[in-house]
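Here the structure comes first, spelled out in structure tokens, and everything after it is commentary.
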Amino acid sequence: MKGNLVKIFGIVTVLTLLNQTLTLVRASIMATQFGVSNQMDAFNMANTLMVCLINVLGASVATVFVPFLTQMQDNAEDRLIFNSYISVMSTVVGVILSGYLIVGNLYFKFSSSQSLFATMMFSISLVLALGQYVRLLTSIETAIFQTENRFGVIKVGAILATVSSLIALELAHHYLTIRLAAAMITLSYWIEWGYLSTRKKAAKFHFKWHFAIHHRGVKELLNLTGPVVLNSFIYQISLLIPTVIIRFFGTGFVSINSYANQILNIMQTLILTNILTMLYPELARTMQNDRQAGQEKLIFFIILTNTIVIPITFGAIVVGPLLIQILFQRGNFTASATNAVWQFLCFGSLSLPLVVIREFIYRAFYSLQDTKTPVKNSLLTISLQMIYVIAGAKVFGIVAVMSAPLVAAGFSVSLGLWQIKRVLPQMDAHKLMIKHSLISFLNGGIMMIVVKKCTGWLTLPPLLRLISLVIIGALLYGGLTLSCQGRYFWQYFREGKVE
């Protein structure tokens, strides 16, 4: 596994970088056309709502399904469990979507207090819902390809989706409406699923409709899925409520927050999601077979990921204004919007190293078939976050909303580390996570100071200046990491040992 890790990660990162670059181009088209307008606010709120209602099941299916798929045998019983689970989850999502359609139509048919914004948001959400439904199917295909270590197939599917939507948006640039843009993005999700579903898989993964919901294995998977769905739903609610609160600060703030989140999501997808996708099956196998070895892998995976994420956090802060200017500042997107997006981006970036720890801890619990503890963690975290946002908004204004993800991530990680020690008592007994995190933060801070100085010295066009600053920062941080942590990583990759 370790011999192939760097190679696999390199290939997947290149493909992801290509896809995220295309995604940024697509976001730039949307920003140029719609800026931080009422239309864009409606689109972003509709998208957040649809993710909250539907896509939570997709994320949950992947989380619960991967440990099962890693142990799945090519026999009739396991195939029955596989098919029944997919059938049940697909049907549940269909029912949720139908219920939303019916309730929403009844409300807008009989309500007398309809606003133009709410009507527009609902109509956009109906289009986006079709895309979110198919993302459930895509998450199932992705889980299968993860267990077969075919990460390239997953990324090619994502690239096809992004390219198709990008071409469609560019062709319709002169008569683009927000509803047409939503339809094009939805169509791209169907293209991605179509590609993945036609790729060759092991015979045991061929799907047929079954509803053996009384089978013991199916019940076990569904019981595990329930808490994970609740956890995911709670997390999405934590995103939805601040979005609603932001709307009260005026037109454009929802879009500003969304643009910042797009950049953050790209950073998370490029590094964190890729690493989790590759390492989760390995963590699940090891944790199920040897808890001590799984614990060592968990610690190393956190250190490795944060060694990559921490410089990105500092980099986003120091070159954020330049990046946002290059990406979005044209057409209806103004300089004041650039500054506002950067402020949101700073707070969000600072939470990323904490998100890394939280996500790996959650997956350690999932690997041990404990899906309830992460839910308890999320419930407490979301309660704290909601209190902080609602109370803080009255005192600190928009700053409370911007800083809420950082506060929530810090509390969640503290609680998660305390919870994991009940099942892994020797978790990080040698304080390796603390030691290497401090080293990475120190190296990242030095990198940020140097890059900030170079920002004033370089008199290049914006894009060339950004590329130069990224190269300077990468070389400096890479050299510092090699000097301070090179021996630790070399020993693990060469010998499979953790100090």
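The values are calculated or read from the model by the stated rules, or taken from the named source; none is laboratory data. What you see is a predicted model, and the numbers here were worked out from it, not measured in a lab. As a convention, Cβ positions derive from the backbone with ideal geometry for all residues, glycine included, and neighbour counts pool all protein chains shown. In case anyone asks, the SASA skips ligands and DNA or RNA and just uses the protein heavy atoms, side chains included. Shrake-Rupley method; radii C 1.70, N 1.55, O 1.52, S 1.80 Å.
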task = Could you tell me which numbered condition Leu283 fails, if it satisfies all but one of (1) in a helix (DSSP H, G or I); (2) under 30 Å from Ala393 (Cα atoms); (3) not small (Gly, Ala, Ser)?
result = (2)
ask   = Taking the stretch 459-479 on its own, how many of its residues are without any contact (Cβ under 8 Å) to a residue 24 or more places away in the chain and either open to solvent by less than 50 Å² (accessible area, probe 1.4 Å) or in a helix (DSSP H, G or I) (or both)?
value = 8
query = Cβ-Cβ below 6 Å, separation at least six or inter-chain, first residue in the stretch 28-40 and closer than 12 Å to Gly252 by Cα and small (Gly, Ala, Ser), second modelled with pLDDT of 80 or more and surrounded by 21 or more Cβ atoms within 10 Å (Cβ to Cβ): which pairs?
reply = Ala31/Phe328; Ala31/Phe333; Gly35/Phe333
ask   = In the list Thr277, Thr251, which residue meets the criterion of being of a type in the set (Val, Ile, Thr), part of a loop (DSSP other than H, G, I, E, B) and either without any contact (Cβ under 8 Å) to a residue 60 or more places away in the chain or open to solvent by 20 Å² or more (accessible area, probe 1.4 Å) (or both)?
value = Thr251
ask   = Does Gln132 satisfy being modelled with pLDDT under 85 and either acidic (Asp, Glu) or not in a helix (DSSP H, G or I) (or both)?
value = no
query = Which members of the stretch 71-103 meet the condition of being surrounded by fewer than 18 Cβ atoms within 10 Å (Cβ to Cβ), more than 14 Å from Tyr133 (Cα to Cα) and of a type in the set (Val, Ile, Thr)?
reply = Ile102, Val103
Within the stretch 120-141, considering residues that are of a type in the set (Val, Ile, Thr) and open to solvent by less than 30 Å² (accessible area, probe 1.4 Å), the one farthest from Ile191 (Cα to Cα) = Ile124
query = Do the conditions hold for Ser483, that is, is it surrounded by 13 or more Cβ atoms within 10 Å (Cβ to Cβ), within 19 Å of Val309 (Cα to Cα) and among the hydroxyl-bearing types (Ser, Thr, Tyr)?
reply = no
inquiry  = Between Tyr280, Tyr259, which is of a type in the set (Phe, Trp, Tyr) and modelled with pLDDT of 80 or more?
reply    = Tyr259
key: Residues satisfying the stated conditions in the stretch 382-399, i.e. within 22 Å of the chain's Cα centre (by Cα) and either free of Cβ contacts under 8 Å to residues at least 40 places away in the same chain or under 25 Å from Leu279 (Cα atoms) (or both)   = Ser383, Leu384
request  = Scan the stretch 339-350 for residues that are under 19 Å from Leu469 (Cα atoms) and open to solvent by less than 10 Å² (accessible area, probe 1.4 Å) and report the count.
outcome  = 2
query = Looking at (1) over 21 Å from Asp41 (Cα atoms); (2) modelled with pLDDT of 85 or more; (3) open to solvent by 60 Å² or more (accessible area, probe 1.4 Å), which is the one condition that is false for Asn149?
reply = (2)
